[in-house]
Protein chains: 2
Amino acid sequence: MEMSSKLLEKAVSEMAHLPGIGRRTALRLVLHLLRQPQGQTESLADALLEFRTQIRQCKECHNISDAACCEICSSPKRDRSMVCVVEDIRDVMAIENTGHYRGLYHVLGGKISPMEGMGPHDLTIGSLVSKVKEGEIRELIFALSATMEGDTTNFYIYRQLEGLPVKLSTIARGIPVGDELEYADEVTLGRSIVQRIPFEGSLKG
Amino acid sequence: MEMSSKLLEKAVSEMAHLPGIGRRTALRLVLHLLRQPQGQTESLADALLEFRTQIRQCKECHNISDAACCEICSSPKRDRSMVCVVEDIRDVMAIENTGHYRGLYHVLGGKISPMEGMGPHDLTIGSLVSKVKEGEIRELIFALSATMEGDTTNFYIYRQLEGLPVKLSTIARGIPVGDELEYADEVTLGRSIVQRIPFEGSLKG
């Protein structure tokens, strides 16, 4: 779509660089801003700029953070002997929202995927292994996605940690709460039978 | 979704003010910016700010414009005796993209809609009538949407112009090119029979 205004054209092109936003959607968003008070556009621009320029990576867990050390790692209320290994910061948010976990996290920054050119050295595995070697961590919970890449990454870390006195676990895979059995995929259903848990355990959480 | 970083929280909230963008999508977009060079966020913020603060309304046609008078109104190549009346600036772009129109436009800024509290005085009808009274315009083409509000607006303008020496027309309504008759709605199909055109006319355009 050709635009007569260069200002509009530029705003739409920049907006359309965002993933999942085409030129038509970008145009709709930009014209929406035009109908709103100027302050809204200013707040949006400021918030994006501040976020992008001031956000840091927590030196402990590699989560994003406003300070050198993130709120979770610096909280005295968290259990420092337990570390949950996740792919990215969205996983941290998802687990935090459950309210069921009080330990710390370690954000890998992705998973091993030769197809996407991601090797172990592109991830924060080295710093995880050093942290475990310090000896404070008693349990490491793998919470990567249940894909081949996720399993490969789990296994790679497992090999790096062999011989160290740390308990390893993974989050439970199974039928989601509320789902009907007949619609579950075979692999998940199969695993949920093989990895069944004592009935009393199912009453927790 | 609770976020540990205030910078992230602010960026996501601002992004989620845009129509059709929920907090989850906003988070995805903001985290995407984090993975891109800082320059991309800077260009986006600048483009939005520049657009919002510098864009103007063309004093002739009320289209958005970088200058006091838009490119279309100030172009010597356009036919100044023909004015196409549209609801908003997106309609101007849509018609411009067809490449079939070389006249000028008049952007109403909406249509008469008592339900949405839009009366004739909220639109640029007054300035359209004055322009017609100046006598340079020979034909006015109504290109509003074919809804009750669109028809009401057409009729209101028609009454305002009664007695003035200007030809009025509306864009053709009918079966879209490439559509199968059996799937067309009855109203459109009915109109397309009543308002049929000479066969030679259908070979144009």
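The values are calculated or read from the model by the stated rules, or taken from the named source; none is laboratory data. If you're wondering where the values come from, they're calculated on a predicted model, not measured in any experiment. FYI the Cβ positions are ideal-geometry reconstructions off the backbone, even for glycines, and counts take in every protein chain you see.
Here are some notes:
- Residues located in the range A:1-14, provided they are among the hydroxyl-bearing types (Ser, Thr, Tyr), within 7 Å of another protein chain (Cβ to nearest Cβ) and out of contact with any helix residue (DSSP H, G or I) (no Cβ under 6 Å at 6 or more places or on another chain): A:SER5
- Of the criteria (1) over 30 Å from B:HIS62 (Cβ atoms); (2) more than 7 Å from chain B (Cβ to nearest Cβ), which one A:PRO37 fails: (1)
- Counting only residues that are part of a helix (DSSP H, G or I), of a type outside the set (S, T, N, Q) and either touching a residue at least 12 places away in the same chain (Cβ under 8 Å) or not assigned by TED's automatic domain parsing to the domain that holds A:CYS84 (or both), the range A:116-168 holds 12 of them.
- Total residues in the range B:79-118, condition within 13 Å of chain A (Cβ to nearest Cβ) and closer than 27 Å to B:GLU50 by Cβ: 16
- Against the criterion of being free of Cβ contacts under 8 Å to residues at least 12 places away in the same chain, facing chain B (nearest Cβ under 10 Å) and part of a loop (DSSP other than H, G, I, E, B), A:HIS17 qualifies.
- Residue satisfying condition, being at pLDDT 95 or above and either over 29 Å from A:CYS84 (Cβ atoms) or more than 8 Å from every other protein chain (Cβ to nearest Cβ) (or both), within set A:GLU60, A:GLU42: A:GLU42
- Matching residues, the range A:69-98, being more than 22 Å from B:HIS32 (Cα to Cα), surrounded by fewer than 15 Cβ atoms within 10 Å (Cβ to Cβ) and within 16 Å of the chain's Cα centre (by Cα): A:THR98
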